Amino acid sequence: MKILKRTTGIILTLIISLSVVVFPATASAATAENKTVSRYMSINLTFNKKESDEYECKVENNEKKYIKVDANNEGGYYWLMVNGLKATKSEKPIITITDTRSGVEIKKFKITVNEVKKYKHANEKINKGVWKEIHIKNPYNKEHVFSYNKKIIKFEMGGFGYGNGNWSHHIKGLKKGTTTVKVKLEKTKIVIGEFKVTVGNYKATIKKAYKNNKLKYNEHLKKSYWLSDGGSINLGEAIKNFHANSKITVKIKNKSLLKTIKLKKEKYTPEAVELYATKKGKTTVDVFEKRGKAKKKKLGTISVKVTRATDAEVYGANREFDNDGIFYEFFVQVGDKVDLKTIVTKRYLNTNISSFKDDEYKFTFKASPAEVITVDQNGIYTILSNGNNDVYYTITFADGSKVSGGGSFDIVDDEFFV
């Protein structure tokens, strides 16, 4: 019986061993996903993975260089960017992502590359001697190249970059006439669009977006134009088809509601005024254009409604001018005390652009971890030891609005200052 048990054990071991040999794990094949990209455009096929996993990329059916693939293991994700180079027909490139250790196919993509798409652009009208901003669509990974009659217009390229948005450029009318602007992709003969520009003498008008205006005012602001959102109206930007010798002026019905700032003539805007509010209410403003010695002409009337900006928006106006913020290179040492309430008050409340009374706001503070930093109800932070720390404050204003801020102090040793 003992011999039988031994023999049985050997047989079982052999069966298990043979099962491994006879039935090895096979690499599974992933189903190909169909993806489309246009020539000179890119698609991002990046996906998440375990940081410990290592994948490799293989591209097939790409001898004619339909696509260019950029692929890498990047920690917790696999970077996969596909650039379209040449339009495909019946043959489609195949991208296969495989686990380097197991041989298992993780992802597979079949790529179709479409030809370049042309875009329509509306014809432009411009007055002689004036610069005008235009927007041209460019979703491609190439810059635009423009051809046009250089005697009729001057073309100024805007900022370069890639993306699906409209790119801003400027044209200037040099003399009366019409020219066709052809738009090509750099280092190609591909025309992706064309439009006409006519230089003439067109009547100035108020842009539709400026017919009805909303402004904000807050009594704590020394000037409401400090507000970046709704603080003022620049009428130099509000006029369509202004002339080279234009001067834009206004007549305010309720002068106690609005004040003006004179604006000098700029490259892309005429001599004009900027409106900002001095209190809440509604009024209308007549807008005029004066050209040289000629009488001024009324371009139209705009309406202005002024509402109250929250106190939190006043804080925001101050914060916007503080580029790096309070906590940038804020060095402290163990044992130091920091009066954050006073710092925030002087930096974001009582400044050269705004002023608050003590009873018009209330602070609350937080600090962590307790073994590194503490704070009392007056906003005095005490540094107890070295380590990472988090500092928070909230301001509740008398009008009910709130803001929060925070960061961390850089706790350093004596050697840091040597």
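The values are calculated or read from the model by the stated rules, or taken from the named source; none is laboratory data. Every value quoted in this text rests on a predicted model; they were computed, and no experiment measured them. Neighbour counts are summed over all protein chains in view; Cβ atoms, including those assigned to glycine, are modelled from backbone coordinates with ideal geometry. The protein model used for the area step is the full one, side chains on, heavy atoms only, and it has no ligands, DNA or RNA in it. Shrake-Rupley method; radii C 1.70, N 1.55, O 1.52, S 1.80 Å.
Could you pull out the residue among G193, G231 that is more than 20 Å from K282 (Cβ to Cβ), touching a Phe, Trp or Tyr at 6+ places or on another chain (Cβ under 8 Å), in contact (Cβ under 8 Å) with a residue 24 or more places away in the chain and small (G, A, S)?
It is G193.
Counting just the residues of the range 385-400 that are more than 22 Å from V412 (Cβ to Cβ) and among the β-branched types (V, I, T), which one comes out least open to solvent (accessible area, probe 1.4 Å)?
Selected residue: I395.
Identify all residues within the range 367-384 that are of a type outside the set (F, W, Y) and in contact (Cβ under 8 Å) with a residue 40 or more places away in the chain; write none if there are none.
Within the range 367-384, the first condition is being of a type outside the set (F, W, Y), and the residues that meet it are 367-380, 382-384.
Listed by number, the residues that qualify are G379, I380, T382, I383, L384.
I'd like the full set of residues that are of a type in the set (G, A, S) and either loosely packed, with under 13 Cβ neighbours inside 10 Å or more than 35 Å from the chain's Cα centre (by Cα) (or both), limited to the range 364-384.
Scanning the range 364-384 gives a single hit, A370.
For the range 346-355, give me each residue that is surrounded by fewer than 19 Cβ atoms within 10 Å (Cβ to Cβ) and in contact (Cβ under 8 Å) with a residue 40 or more places away in the chain.
Those that are surrounded by fewer than 19 Cβ atoms within 10 Å (Cβ to Cβ) and in contact (Cβ under 8 Å) with a residue 40 or more places away in the chain: N352, I353, S355.
Being more than 30 Å from K172 (Cβ to Cβ) and buried (at least 16 other Cβ atoms within 10 Å of the Cβ) is the filter here; which residues of the range 243-277 pass it? Outline the logic, then answer.
Residues of the range 243-277 that are more than 30 Å from K172 (Cβ to Cβ), as a first pass: 251-259, 276-277.
Passing the criteria: I252, L257, L258, K259, Y276, A277.
Show the residue pairs that are 6+ apart or on different chains and have beta-carbon atoms under 7 Å apart, the first residue being within the range 288-313 and more than 27 Å from V403 (Cβ to Cβ), the second being acidic (D, E).
K296/E289; K297/E289; K298/D286; L299/E289; T301/D286
Go through (1) open to solvent by 50 Å² or more (accessible area, probe 1.4 Å); (2) outside any loop (DSSP other than H, G, I, E, B) for E329 and report which single condition fails.
(2)
Quick check on the range 57-71. Is at least one of its residues more than 30 Å from the chain's Cα centre (by Cα), touching a residue at least 40 places away in the same chain (Cβ under 8 Å) and buried (at least 16 other Cβ atoms within 10 Å of the Cβ)?
Among the residues of the range 57-71, at least one is more than 30 Å from the chain's Cα centre (by Cα), touching a residue at least 40 places away in the same chain (Cβ under 8 Å) and buried (at least 16 other Cβ atoms within 10 Å of the Cβ), which makes the answer yes.
Quick check, is I343 part of a helix (DSSP H, G or I), in contact (Cβ under 8 Å) with a residue 12 or more places away in the chain and open to solvent by less than 60 Å² (accessible area, probe 1.4 Å)?
In short, yes.
With the requirement that a residue be of a type in the set (D, E) and open to solvent by less than 50 Å² (accessible area, probe 1.4 Å), what does the range 42-56 give you?
Residue satisfying the conditions is D53 alone.
From K151, K118, K184, K175, which residue is open to solvent by 40 Å² or more (accessible area, probe 1.4 Å) and part of a strand (DSSP E or B)?
K184 is the lone residue from the list that is open to solvent by 40 Å² or more (accessible area, probe 1.4 Å) and part of a strand (DSSP E or B).
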